[in-house]
């Protein structure tokens, strides 16, 4: 067994030195079965050999290092890690095996182990054969006097697990970034706000120098509609717009199918694509260009614009997950753009509908005004007079307030028409109406053409004395116009009016017709008394 061991390992393991070989006993081949001492020694050796095989088969570095910081044992995993046979490691100092940089990083833990402390740590170790994320366990070894004579080391490579943890963390960060953008899209329909959120979130997550959204404005031009940049990587004002022959057509050929372009080194890029020249002028080193495609009814995508990230200081080898994130962000932006377009269409239709409704309202108001307005004099007509008088009668009745009515008629109007003609007569009626309207100064008072040359004034909350004062003001204003009606051999007769005034407080014992009849009767008496005067009704 000793020969087999020596054939496999040129240098004996440290426990071989304390385990005598069976040949040293100088016994016949079967003697160990009968000699208890030899049998026990062989069994111990067999167990140690089995333990050695077990440790060699483990995918972790197991070693024993003495107090001089030199290897006294190393399993075969060291050969896979460092390309050195275990037997060549024996007696070598730690620094010679793992490298000076890694030793300086491991030295504080080695010092603690040789000081008698059990040490467990995790760290990225810059070994000569490459960086590894490891977990180390260092267990002190004591001699019979209780002094530390070395330590056992178990070094496990956690690089794959750490990479998986980092990948999960990055995935969670990507999902958070995408979630922030998606949430913003759901919270608002303001496209500029959504684009700003997208560039800020992408910039913060990917830690790039510049994030921008480029929108095509025509087949030959486009502009940056949103950007987030580091202070050291500004965008020149004259580069915020870009124009080139067939810009959009060439981009359609390149990005129209949803192709994502990741460029780790723009200086070494040999493939010519539509945005090359523009990005070169922006002094970018690396870039990822992702199309923003609006879905169309035929299933094709309309190239609305591009989502672009850039580095300015150094080149960057892009990861697959970074491009995937940008694709998902671009999909969300496409949804936001589509929502904005739909909103713009709805708002346009709403404006058109509002304008149409407003025009209809104005037309209805004009029709209403025409239905309430006398065509000749442009004051209220008989229909509106009846409506207002009835309404005010009820209102004054509820409030127990007086309602007055003035009826006025142009004196000798037939003679005016006979002398001056009907067109002049119409002008006279217009003048009488507008002059009377200027005397009335309350919004609740209504002047209406009652019929022919007869007019009426509705005066809510006005007693008889107040109505008489207003009637006299109307009469005087018209008399002072000095419009010649006709001439006699002895005098010139001017256009005048006669007025009848009545007032009532509406109640169950009175009626609207009584008020009208009283005002009309007063007008009749004014005519009979010589015209150009005001008479109060009973």
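Just so it is clear, none of the values below were taken in a lab; they were calculated from the coordinates. Since we're looking at a predicted model, the values are computed, not measured. Every residue, glycine among them, receives a Cβ derived from its backbone with ideal geometry; neighbour counts consider all protein chains shown.
Structure notes:
- As computed over the stretch 284-352, the Cα convex hull volume per residue (Å³): 99
- Computed from the C-beta positions of residue 481 and residue 357, the FRET efficiency with R₀ = 60 Å rounds to 0.85.
- Solution diffusion estimate, µm²/s, Stokes-Einstein, the stretch 382-536, Kirkwood Rh from C-alpha pairs, 37 °C, viscosity 0.692 mPa s: 207
- On full extension, the segment bounded by residue 420 and residue 507 gains 26.7 nm, given 0.36 nm per residue less the C-alpha separation.
- Summary value for the chain: 8 percent relative contact order, contacts being C-alpha pairs under 8 angstrom separated by 6+ residues.
- Paramagnetic label zone (point 7 Å from Cα along Cα-to-C-beta, residue 147; backbone N under 16 Å) in the stretch 91-127: 114-116
- Volume of the Cα convex hull of the stretch 379-419, divided per residue and given in Å³: 77
- Counting all C-alpha pairs of the stretch 174-344, share separated by more than 22 Å (%): 39
- Relative contact order [Cα under 8 Å, 6+ residues apart], the stretch 244-311, whole percent: 33
- Modelled FRET efficiency - R0 51 Å, residue 461 with residue 350, Cβ distances, 0.05 increments: 0.70
- Subtracting the Cα-Cα distance of residue 180 and residue 390 from 0.36 nm times their residue separation leaves 69.1 nm of extension gain.
- The label point for residue 340 and the one for residue 160, both projected 7 Å from the Cα toward the Cβ, are 4.7 nm apart.
- Tensor-based shape of the stretch 71-116 (alpha-carbon gyration tensor, a/c under 1.5 rounded, otherwise prolate or oblate): prolate
- Taking every Cα-Cα distance in the stretch 470-522 and sorting them into 10 Å bins from zero, the calculated P(r) comes out as 21, 32, 26, 15, 6, 1 percent.
- Overall form of the stretch 181-254 per C-alpha gyration tensor (a/c, 1.5; a/b vs b/c): oblate
- Summary of the geometry: the stretch 125-180 and the stretch 184-263, compared by the centres of their Cα atoms, lie 41 Å apart.
- Looking at the stretch 496-537, the pairs of alpha carbons with a distance over 11 Å make up 58% of the total.
- Value at 222 nm in deg cm²/dmol, rounded to 500, when DSSP H runs of n ≥ 4 in the chain each add -39,500 (n - 2.57): -15500 deg cm²/dmol
- Relative contact order of the stretch 223-361, defined on C-alpha pairs under 8 angstrom at six or more residues apart (%): 20
- Considering only the Cα atoms of the stretch 310-387, their convex hull presents on average a projected area of 10.7 nm².
- Gap separating the Cα centres of the stretch 69-90 and the stretch 303-337, nearest whole Å: 47
- Only one item in (i) 57.2; (ii) 37.0; (iii) 27.0 matches mean projected area of the Cα convex hull in nm² derived from the coordinates shown, and that item is (i).
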